[in-house]
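Where a number appears in this text, it was derived from the coordinates with a stated rule and is not lab data. Source: prediction; values computed, not measured. Cβ placement follows ideal geometry from the backbone for every residue including glycine, while neighbour counts extend to all protein chains displayed.
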Amino acid sequence: MESVRAAVEPMNTALGSGPTIFLSGSFSGLPLVNQALAAENPTGDGSFIVTVRGLMRVLARITPAAVLEALAVQHAPPRPVPAPPPPHQVPPPGSQPMVTCSAEMDLANPGFGGITNIRVFGGGFVASEVVNVIEFEQIQTTTVADTLGSYSVTMGVFRGQFPTSHTVRTHGSASGRTSNNAGYTV
């Protein structure tokens, strides 16, 4: 910034009350300076005229820190575009039904004494099939699917000092079907 001022100051001094010197183009990479110069002498068609006096006024008003911040924003790497959510999974016709799993705090039986009851439920299993609830790669509890292949079971979980995230899934012992992962926090 100081080098630009040093380069134009002799011209500015030499002008005195003489004619105005016009500089063509814009200051590449300095959008903040360009915006301020465009406000000084706009021509109406989106372009602008830069005079030495106008440049000196603009440079006196804009701090080097502001120019560096604008350059950093302009040259920052592009933000990554978030990935779209996965498409809804629908089983193809004639295939086995999807097996589902959901987990939530059991509001009808919330638990007590440091234990929180979690209700794990879903469907898609074979009628009357034994359904294993798996957490940390171990069977935590079992239940039996009803005649429609749905299940619901309540399991007690120790409540820690700080909220902790948990993930469960279910597996049918006869069909071999495995559900999606379901999360809950206790």
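Figures for the structure shown
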| read-out | value |
| --- | --- |
| Extension gain (nm, one decimal) between Phe158 and Ile49, 0.36 nm per residue minus Cα-Cα | 32.0 nm |
| Label-point gap, in nm, between Thr100 and Met56 - each point 7 angstrom along Cα→Cβ | 7.5 |
| Order of Ser179, Ser165, Ser128, Ser152 - criterion: other Cβ atoms within 10 Å of each residue's Cβ, fewest first | Ser165, Ser128, Ser152, Ser179 |
| For Asn181, distant residues with modelled amide H under 5 Å away | none |
| Most to least packed among 130-140, 102-112 [average Cβ atoms within 10 Å] | 130-140, 102-112 |
| Gained length - Leu107 relative to Glu137, 0.36 nm times residue gap less alpha-carbon distance | 8.2 nm |
| Pairwise FRET efficiency - His75 versus Thr167, Cβ, R0 = 35 Å, nearest 0.05 | 0.25 |
| Residues whose placed amide H lies under 5 Å from that of Ile115, excluding near-sequence neighbours | Arg159 |
| Length gained when the stretch Glu40-Thr185 is fully extended (0.36 nm per residue, less Cα-Cα span) | 46.3 nm |
